[in-house]
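One structure is given here, and the rest of the page talks about it.
The values are calculated or read from the model by the stated rules, or taken from the named source; none is laboratory data. Keep in mind that this is a model prediction, so the values were computed, not measured. Glycine gets a Cβ as well: all are built from the backbone with ideal geometry, and neighbour counts include every protein chain shown. Keep in mind that these areas ignore ligands, DNA and RNA; they rest on the heavy atoms of the full protein, side chains included. Shrake-Rupley method; radii C 1.70, N 1.55, O 1.52, S 1.80 Å.
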Amino acid sequence: MAISIKRPLSDQPEQEITLPVISLGREVLAGENEALEREWLVTNAIGGYASASLAGANTRRYHGLLVAAFQPPLGRTVLLGKLDETVNIAGQSFELAVNEWQSGAASLEGLRYLQQFELEGTLPVFSYRLGEATLIKKIWMEYGLNTTYIQYSYEGPESAGPLQLELRPLLNNRDYHGDTHGSPDWHFKIEAESGVEQSWTVQAWEEAPRWRLMGFGAKLNWKRFEKNGWYWNFRYRQEQARGLSAGEDMYCAGTLWAELQPGQTLTVVASTELPEVIVTLFPGSRERELKRQRSLLERACEVDTRLDAPGASLVLAADQFIAGRPDWARPGRLLPEYRTVIAGYHWFGDWGRDTMISLPGLTLATGRYSEAAVILRSFARFISRGMLPNRFPDNPAASATLPESEYNTVDATLWYLDALGKYFNASGDWSLGKELYPILTEIIRYHVEGTRFNIRLAADGLLASGAEGVQLTWMDAKVGDWVVTPRHGKPIEINALWYRACRVLEELSRFFAPDRAAYYKGLAEKVAANFEQIYWNKEASYYYDLINEFGDPDTTLRPNQIIAMAVAPELFTTSKAQAALEKVREYLLTPVGLRSLTPLDPAYRPTYGGDPFSRDSAYHQGTIWPWLLGPYGQALRHFAGVENAFLLAPFIEQLKLAGIGQVNEIYGAEPPYPPVGCIAQAWSVAQLLELSQILNKQE
């Protein structure tokens, strides 16, 4: 990975920023499983994306070259599954397509020719060696639009002669959580677009959305199939491993083909936009996106002047989660008044809790203060009865109100206030506090008096919550009616967050309602007066995870006490916090995060995998969460004065595994700590960025 950072030098001109490059060669790509297990991801800032394995095979139902967000940032729909390529040159035929089939058969020949994969910024580049010629494939998306570019460049000596490129577009039209099963009497409608060269519209059925394939550069032709075009029984190995439906059919109506001379390029565009929009935006589109990414690094360098190559990759990874809604009047731009955070790729949407835990790292640590303010303002619109939504439905209705069930979280709102406090401290913009102050006071009022799911202030000043069959904290796995980690009562991190929320309101009140500051101060001081007395486990030398609804302490050793230490260190006595940190180091700390449960517990599950029941029952019962390294590093710095660069070091290598340039949601609880879950998770990236910024300031 290489990067040079633009910094002012006393006697030299400024250096231009170059994007980080992650490069993988034959040492990885020659291994069948290595190339099939690692994945790339490109996003478009409105919830859409393109993604596949490095090998080129789709190994998930969520893979596709155009997964369009029809209700940005959600409503994701798989339209173009993939392009299968065959190259003919100098009398030789090279099959580049890689696929696996449910029968057990596989076409893997393309791996023989794939010499190198590079991630330039966040954009993938594939290099295929074909005799004495090289075919370069680049993929990117248009910022703010459901538009994917797939570009082929032919590099070789003049003596190599022309190259014939055959592309078989594998078409689809379904929700990204589903799968398609074809029928011999189902034919997609493909039509040449009137008045537009090298453009075809695609429609799966009469009422389905129309989208288009277009070509730029070399002359592109469409050779129609005269027979049924279904490709049957693709196998998705990742879905099979997750115990889900793992087969799908895709439709191919024919072959796109072009002849390239050495030095010539063909770009295929898959888009839901009108052709005149694509024609206008295509020139310079890749360079424009790379320039945008360089500007993100430049902005991040203003906050963290010691940004290195892995840090730069994390800054660009963070960008993939920040989403908005397109400005249709100005294609390629987002509406300025709305932003959100996609919790993870491929299957998560925008979640309240994830957004607020992620916001400081994704935006404040990267210098994106204005977008942080827009996210905070956007979510304020959905606060109801003092609560932030847990998540938004995948196919949101036109109404701005959400069902009661979407508010099932005790901590999302408290994380919102924590993020607000960090925003004020980082940006110095207290005007947002004045704007939101009435809403924030209502949040506290509802929590004191009581709101959904029995969330209310107890007599001891601590926040209690819990309702039958509902999981309210971040440990939210549920299998059928079984709540795996219910944590009803008074969880330790919830009350640290409650304390923090009251302190934020106290500070805001000093600016905007001085007569109310003493009230919020009193709420916070009551938490402080009782906190350690209630939560300290003297016998075990760590903190109780919670006090249950019957008043009994839960002695389970979990990492939630670390979250509490990071959020509100003033609630902890240094000697006790140090003792607890030692227990966490001994039993929970791993190179890639903290275990969610000690291995000594009978409920500990060392392996995350298998069907949904098996996975969910292990989700918070030992499985490692990298996002917890952020709170752990902050707690170490505060209570132990420990230099914490060692927490970040393993992720230099992790950026080359699973989702290239990204950080996984979770890892298996035992060595070799396999990356599992989502290949790209917002709070994993965000907390590492926040930790990196703290470390660099510390040094």
Summed over the other residues with a beta carbon less than 13 angstrom from that of SER358, with K and R at +1 and D and E at -1, the charge totals -3
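Tell me which trypsin sites (Lys or Arg not before Pro) from the range 306-378 have a DSSP coil assignment and no more than 16 other beta carbons within 10 Å of their own. Can you show the working numbers first?
On the way: sites: ARG306, ARG333, ARG339, ARG353, ARG368, ARG377; in loops: ARG306, ARG333, ARG339, ARG368.
The qualifying sites are ARG306, ARG333.
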Taking Cα atoms only, helix 492-512 is inclined relative to the longest principal axis of the chain by an angle, in degrees rounded to 10, of 80 degrees
Which residues qualify? For TYR542, with a placed amide H closer than 5 Å and at least 5 residues away or on another chain, they are ASN537
So the pair-distance distribution of the range 234-323, from every Cα-Cα distance in 5 Å bins, comes to percents of 2, 9, 11, 10, 11, 14, 16, 16, 8, 3, 0
Scalar couplings 3J(HN,Hα) for the range 127-135 by Karplus 6.51 cos²θ - 1.76 cosθ + 1.60 (θ = phi - 60°), nearest whole Hz, x for Gly and Pro, are 10, 10, 9, 10, x, 8, 10, 10, 10
Hull surface over four for the Cα convex hull of the range 124-200, reported in nm², is 8.8 nm²
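Grab the beta carbon distance between GLU191 and TYR604, set R0 = 45 Å, and tell me the FRET efficiency rounded to 0.05. Don't jump to the answer; show the numbers that get you there.
Values: r = 58 Å, r/R0 = 1.30.
The calculated FRET efficiency here is 0.15.
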Sorted on mean Cβ neighbours within 10 Å (highest first), peptides 190-199, 489-498, 19-28 come out as 489-498, 19-28, 190-199
Given 91-100, 640-649, 132-141, the highest-first ranking by average Cβ count within 10 Å works out to 132-141, 91-100, 640-649
By the mean-Cβ-within-10 Å protection proxy, highest first, 571-578, 107-114 rank as 107-114, 571-578
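Run lengths n ≥ 4 of DSSP H only: what is the helix-derived mean residue ellipticity at 222 nm for the chain, with -39500 (n - 2.57) per run over all residues, to the nearest 500? It would help to have the intermediate numbers written out before the result.
Values: 19 runs with 208 residues, N = 699.
So the calculated ellipticity at 222 nm is -9000 deg cm²/dmol.
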Among [x] 29.3; [y] 26.6; [z] 27.9, the entry matching Kirkwood radius over Cα pairs in Å as calculated here is [y]
Applied in sequence order to the range 565-578, the curve 6.51 cos²θ - 1.76 cosθ + 1.60 (Karplus, θ = phi - 60°) yields integer Hz couplings, x standing for Gly and Pro, of 4, 6, 6, 9, x, 5, 7, 10, 7, 4, 5, 6, 4, 5
The answer for the range 36-127, accessible area per residue at 1.4 Å probe in Å², is 24 Å²
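Of LYS434/LYS576; LYS576/LYS656; LYS82/LYS478; LYS189/LYS291; LYS478/LYS538; LYS138/LYS223, which pairs sit farther than 27 Å apart, going by alpha carbon to alpha carbon?
Values: LYS434/LYS576 38 Å; LYS576/LYS656 38 Å; LYS82/LYS478 34 Å; LYS189/LYS291 38 Å; LYS478/LYS538 32 Å; LYS138/LYS223 24 Å.
Going by Cα-Cα distance, LYS434/LYS576; LYS576/LYS656; LYS82/LYS478; LYS189/LYS291; LYS478/LYS538 fall outside the 27 Å limit.
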Here, the range 427-489 modelled as identical Cα point scatterers in vacuum has Debye log10 I(q)/I(0) at q = 0.20, 0.22 Å⁻¹ of -0.82, -0.88
Under the Karplus relation with 6.51, -1.76 and 1.60 and θ = phi - 60°, whole-Hz ³J(HN,Hα) for the range 86-100, x at Gly and Pro, equal 10, 10, 10, 8, 6, x, 10, 10, 10, 8, 8, 5, 10, 8, 10
Share of accessible surface on carbon and sulfur in the chain, whole %, 1.4 Å probe and ligands ignored, is 50 percent
